[in-house]
Amino acid sequence: VISQCIGEGDHAQARRITTHTFFLALIVVSTLSAIGLLTMDFVFTRLGASGEVLTLVKQFMTIWYLGVIFMIVPMFAEGIIRATGDTVSSSAIMMAGASLNVVLDPVLIFGIGVFPAMGLRGAAIATILTRAFTLVAGVFILHHRHRLIEWALPTPSAMWASWRRVLHIGVPSSATALLVPISSAVITRIVAGFGPEAVAACGAGGRLEMFAFMIPMSLGMSLVPFIGQNWGAGRRDRVELCRKYSNR
């Protein structure tokens, strides 16, 4: 939606929709965080966790759910930065965040220097701190470089108009994206019957799969601003040409 507004040359509308959708993201994330905290036992016992494993899961996920706003909103901000065509800044934020996580993880998990060993709690805290950094960086770039954030409180009618445009694309897209975690949950439940070592091995395999997905995912992300901006500018011929070449 933002890339279409930019293609149309309507920067003011792009700024309004960006600002209004931040409110939507905060509402959705807060709701999901509360649901996650209330359903931890129900969900993870059905995924096969019990005893000490369930205790460890809850140690990690309690912190994760409380800090989930720092996980989700940065992804939202980075997506808008990419929508402007500024993939360099988005990439730099992600790489800086990953580098920071590499440093913080061993420090907080094993305890280095003045920091105590916190185990899984340390891993969760490291992740939240890293994503908090990416959130601040993303908002800074959106405001100072691209001027896409309004600090005035929006009216409910204006906010709802922006939400409808975003949800028109976002709801089907989210439904598609949900297939991956749902299928992963089913696989995890099946594998859990073979013991915690099998679950760990399945998780490690999933990390390796990401290397295979990296090329099509990167291509897909780069197509969003290109197609969106050309669509907004009425250049359907360039959209069709892009589709042909990207499929090849």
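Every residue, every condition in (1) at pLDDT 90 or above; (2) farther than 22 Å from G97 by Cα; (3) of a type in the set (D, E, K, R), yes or no:
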{"residue": "H20", "(1), (2), (3)": "yes, yes, no"}
{"residue": "F23", "(1), (2), (3)": "yes, yes, no"}
{"residue": "F42", "(1), (2), (3)": "yes, yes, no"}
{"residue": "A49", "(1), (2), (3)": "no, yes, no"}
{"residue": "T62", "(1), (2), (3)": "yes, no, no"}
Please work out if R243 is farther than 30 Å from F44 by Cβ, open to solvent by 80 Å² or more (accessible area, probe 1.4 Å), charged (D, E, K, R) and assigned to a helix (DSSP H, G or I). yes
For residues that are in contact (Cβ under 8 Å) with a residue 40 or more places away in the chain and surrounded by 11 or more Cβ atoms within 10 Å (Cβ to Cβ), scanning just the range 192-225, find the one that is nearest to I6 (Cα to Cα). P225
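So that you can scan it fast, the table gives a plain yes or no per residue for (1) within 17 Å of the chain's Cα centre (by Cα); (2) under 22 Å from R46 (Cβ atoms); (3) not in a helix (DSSP H, G or I):
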position: P181; (1), (2), (3): yes, yes, no
position: I187; (1), (2), (3): no, yes, no
position: F194; (1), (2), (3): no, yes, yes
position: E197; (1), (2), (3): no, yes, no
position: A200; (1), (2), (3): no, yes, no
position: G203; (1), (2), (3): no, yes, no
position: G206; (1), (2), (3): no, yes, no
position: F211; (1), (2), (3): no, no, no
position: M214; (1), (2), (3): yes, no, no
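In the range 79-101, is there at least one residue being within 17 Å of V29 (Cα to Cα) and aliphatic (A, V, I, L, M)? So that I can check it myself, show each step before the final result.
From the range 79-101, those within 17 Å of V29 (Cα to Cα) are 79; that's our starting set.
In the following step, the residues that additionally are aliphatic (A, V, I, L, M) were identified as none.
No, the conditions are met nowhere in the range 79-101.
Quick check: anything in the range 4-13 β-branched (V, I, T) and open to solvent by 40 Å² or more (accessible area, probe 1.4 Å)?
Yes: the range 4-13 contains one or more residues that are β-branched (V, I, T) and open to solvent by 40 Å² or more (accessible area, probe 1.4 Å).
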Looking at the range 1-110, what helices (runs of 4 or more DSSP H) fall wholly within it and have at least 2 residues that are over 25 Å from R164 (Cα atoms) and of a type outside the set (D, E, K, R)? 11-38, 40-46, 51-66, 87-106
Checking I169 against (1) exposed (fewer than 13 other Cβ atoms within 10 Å of the Cβ); (2) touching a residue at least 24 places away in the same chain (Cβ under 8 Å); (3) closer than 19 Å to L47 by Cβ; (4) not aromatic (F, W, Y), which single condition isn't satisfied? (3)
In the range 120-160, what residues are in a helix (DSSP H, G or I) and free of Cβ contacts under 8 Å to residues at least 24 places away in the same chain? G122, V136, F140, H143, H144, P156, S157, W160
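The values are calculated or read from the model by the stated rules, or taken from the named source; none is laboratory data. Worth saying up front: this structure is predicted, and the values here are computed from it rather than measured. Neighbour counts are summed over all protein chains in view; Cβ atoms, including those assigned to glycine, are modelled from backbone coordinates with ideal geometry. The accessibility values were calculated without ligands, DNA or RNA, using every heavy atom of the protein model including side chains. Shrake-Rupley method; radii C 1.70, N 1.55, O 1.52, S 1.80 Å.
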